[in-house]
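Enquirer: Mind looking over this structure? Questions follow.
Computed from the coordinates by the stated procedures, all read-outs in this text should not be read as laboratory data. Please read these numbers as outputs of a predicted model, since none were measured by experiment. All Cβ positions, even for glycine, are placed from backbone atoms using ideal geometry, and neighbour counts span all protein chains on display.
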């Protein structure tokens, strides 16, 4: 059996991809699908190995989220090449669609990496996570391999040329990968540069609050992020970043507005501040260091009551029936 890719390479590539390394596994799975279609690779074994690699990677991140909670989320957002997706879209997707978003997470850049640890941090049960994660992996691996089956004629014509190039082909692949990482890094730097603005320090905010000239303080964390840290600055109003544009008429233009979050570089707070400034608000500043800096400075915080889940009510006795 001709096996130029190697089952071990497929497993390692998929596992590395699922652990967050910039080694895309989809091209490998597409080629493996094409080779499985003509019998050069055992399709069932390839599928099982890729599925196992997905579950190992997802489970590792789930356990990390379960053990370390918001800390692992902050780490991922700090090193992510797509911080805007990491900060906002993942938590918003969880709130909008619930845990079932895990099923399609692997098809959405950014969400694929952050969804498993977020599931652990939000205390999703292990059994539920495994069900959704398995379904997601089955769909993702299956779609990639099916793409290889459909593109088999083109891939079969391409592979001999790639093999003939040898080291040059590997160098070209590494160059393309390096360009991809550089492009994503440039996007990351541009994202943070766009949010660059004057911040207020926690000491300045504390002094303003003590002096009786307290500004309006907005907690722009998502409900999910707030659930991971059930504390807030005293008197802060909860206004998730994606709702700021809907509430412009309720915000004062003649008072300072301070926004905070718990994400790296105050990304969510800076995004909300930029939106307000574009709509004519001038006295707007993110809190430097966010809630973490406020807590680290030893200033008072308020406890946020956890969300209450109502138990299902028993069915009422039909009128006229015996109790």
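Enquirer: Quick check: from the Cα gyration tensor, does segment 202-303 come out rounded (a/c under 1.5), prolate or oblate? Before the final figure, lay out each step's value.
Expert: Numbers: a/c = 1.67, a/b = 1.17, b/c = 1.43.
It is oblate, given that a/c is not under 1.5 and a/b is not larger than b/c.
Enquirer: I want to make sure I understand the PRE zone here: with the label point 7 angstrom from the Cα of residue 279 toward its beta carbon, which residues in segment 216-232 have backbone N atoms less than 16 Å away?
Expert: Counting backbone N atoms under 16 Å from the label point, the list is 216-221.
Enquirer: Using the per-residue mean of other Cβ atoms lying within 10 Å as a proxy for protection, in what order, highest first, do the peptides 147-155, 262-270, 24-32, 279-287 fall? Provide the component values of the computation, followed by the final result.
Expert: Details: 147-155: 16.1, 262-270: 25.8, 24-32: 21.4, 279-287: 18.0.
So the order, starting with the most tightly packed, is 262-270, 24-32, 279-287, 147-155.
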